[in-house]
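Please read the structure below before turning to the comments.
The values are calculated or read from the model by the stated rules, or taken from the named source; none is laboratory data. Please read these numbers as outputs of a predicted model, since none were measured by experiment. Cβ: placed from backbone, ideal geometry, glycine included. Neighbour counts: every protein chain shown.
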Amino acid sequence: MRSGKQNNENLNNLLNFIKKIIPRLEGTSRSDTTKKNISLLFIFNGFNFLFNIIIVRLTLDYLGQENYGIWVTLASVLTWFGYLDFGLGNGLRNKLAEAFAKDDLHLARVYVSTTYAVFSSALIIIYLIFLLIYRNIEWTRIFNASARLEDELSTLAFYVFTFFTINFILKLITFIVTALNGVFSLATNFLTVLLIYFLIKIHPSSLLYLGAGSALIPVLVFLAVSVFLFRTKYEKITPSFKLIKLKYSKELIGLGFQFFIIQAASLIVFATDNVIIIQIFGPKDVTTYNVAYRYFNYIPIIFYTILTPFWSAYTDAYVKEDLAWIRNAIKKIFHAWILLSFVVLIMIIIADYVYSIWLGSKIDVPFMLTILMGLFAIVTNWNNMFAYFINGVGKIRLSLYYAIFVGIINIPLSIFLAKYTSMGITGVIAATIICLLFGSVFAPIQCYKIINKKDKGIWGK
């Protein structure tokens, strides 16, 4: 009896802790909520950093360099597709921030209910199409893999896409509670480490088992957290069939469609790198590229941790015309960008030493690839610093045109630099950097114009 009582007390303490770290829907100042969210994301992403290092090493040991390259290519494409939510997620985020700023929780619940309904309907149609065609796709040709892997890759694609579709719907919760993004990642990474360790002990190298298991874990995490949140802290905006109002979908889709085009272009710029490399050079070069990418990717993740809570805060401040708060926020974020850029320079200098400790002699990363990946991290952070403000206030027409432009030129430029110059795989990331530089110029100009009420014409749409 004593043991059972103690276990119940421990469970209650854990639930109370989780409730405390979730920001309230009302009654919390913008700055306090933003600082709280940033602090939480930093704590969780610190652990995520360690888990990601372990995952790379364990996965490489378990699968080997070639199969690891195949898995990374599939996972990276699906990861970026995970952001391609038809713009509804970001549309929901902005509309929720507006509803909360007006203390209208009923309207907020209508937006949540309608978004879940519209998004689920669209994904069901896409999934049914996938079921009709996936067996006719030559997966070994897509991944430039051995013919003996055809059946395994086809089965893997089925399981991964199935779990991915379910998780895609459940992931909408991250647009409602941004403070818990780190919790989701932490739980997923922890369980993934356990999965790989378990597979190493009981089963020989299997791309199917690792891929299907890795795809299932996020589904379980997001399902558990969604049920918990909508039954506790966020009960007031729990989705309801009765509150699905398609007339509100026009507002979500109207803004969301522009976000969707931007997301689609981002998918082309960021998610196609591994596909291009695997087609031109093969899976092993994907592994080399991915090691350098993951090494520097923690810098954008840290900056993302800082920026994420500001999106909705910018919306709230702009609705209330608190421009002084916005100026002060961007100034502080700029200081963080300078600091992280300095960290990148140090990372470039010590990269070879870190690679040798991290992965031993298994992977040889060209120094030029290291330099360009570091530059990519710096430029990405610079663009995001302004993009989060522009997205938060919903003036994204110029971003839309820019996204279409880079979406058109990125793949041809990547192929040209990688295949027809001496750059090799470094040409792929060089092409991505070139595309990003266009946004590096216009985004700060637009931010200045919006903050100073000079956003006439295309700058204010």
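A few comments on the model shown:
- Entry remark, region 355-375: residues being of a type in the set (S, T, N, Q) and either buried (at least 21 other Cβ atoms within 10 Å of the Cβ) or in a helix (DSSP H, G or I) (or both) number 2 in total.
- Residues that are within 22 Å of residue 142 (Cβ to Cβ) and at pLDDT 85 or above number at least 1 in the following helices (runs of 4 or more DSSP H) confined to region 202-287: 207-231, 273-280.
- Here residue 378 fulfils each of the conditions (1) assigned to a helix (DSSP H, G or I); (2) β-branched (Val, Ile, Thr); (3) modelled with pLDDT under 95 apart from (3).
- Residue in region 326-333 that is part of a helix (DSSP H, G or I) and more than 17 Å from residue 444 (Cα to Cα) present: no
- Any hit, region 399-406, residues being buried (at least 20 other Cβ atoms within 10 Å of the Cβ), within 26 Å of the chain's Cα centre (by Cα) and modelled with pLDDT of 90 or more: no
- Reported count of residues in region 288-306, each being modelled with pLDDT of 85 or more and within 15 Å of residue 333 (Cβ to Cβ), is 3.
- When 434, 396 are screened for being aliphatic (A, V, I, L, M), without any contact (Cβ under 8 Å) to a residue 24 or more places away in the chain and within 27 Å of residue 333 (Cα to Cα), only 434 passes.
- Some residue of region 95-102 being within 30 Å of residue 205 (Cβ to Cβ), among the small types (Gly, Ala, Ser) and modelled with pLDDT of 75 or more: no
- Only a single item in (1) modelled with pLDDT under 85; (2) loosely packed, with under 14 Cβ neighbours inside 10 Å; (3) of a type in the set (Val, Ile, Thr) is not met by residue 441, and it is number (1).
- Residue in region 305-327 that is more than 18 Å from residue 432 (Cβ to Cβ), surrounded by fewer than 21 Cβ atoms within 10 Å (Cβ to Cβ) and among the small types (Gly, Ala, Ser) present: yes
- Condition met for residue 280 (free of Cβ contacts under 8 Å to residues at least 12 places away in the same chain and surrounded by fewer than 19 Cβ atoms within 10 Å (Cβ to Cβ)): no
- Of all residues making up region 339-354, the number that are surrounded by fewer than 20 Cβ atoms within 10 Å (Cβ to Cβ) and either over 23 Å from the mean Cα position of the chain (by Cα) or under 16 Å from residue 426 (Cβ atoms) (or both): 9
- Residues (among the aliphatic types (A, V, I, L, M), within 22 Å of the chain's Cα centre (by Cα) and over 18 Å from residue 217 (Cβ atoms)) located in region 126-171: 126
- Just one of the listed residues (108, 157, 145) is at pLDDT below 90 and over 30 Å from residue 281 (Cβ atoms), and it is 108.
- From the list 244, 166, the one residue that fits, being over 26 Å from residue 274 (Cβ atoms) and either in contact with an Asp or Glu (Cβ under 7 Å, 6 or more places away or on another chain) or in contact (Cβ under 8 Å) with a residue 40 or more places away in the chain (or both), is 244.
- Yes/no for residue 140 being surrounded by fewer than 19 Cβ atoms within 10 Å (Cβ to Cβ), part of a helix (DSSP H, G or I), modelled with pLDDT of 90 or more and hydroxyl-bearing (Ser, Thr, Tyr): no
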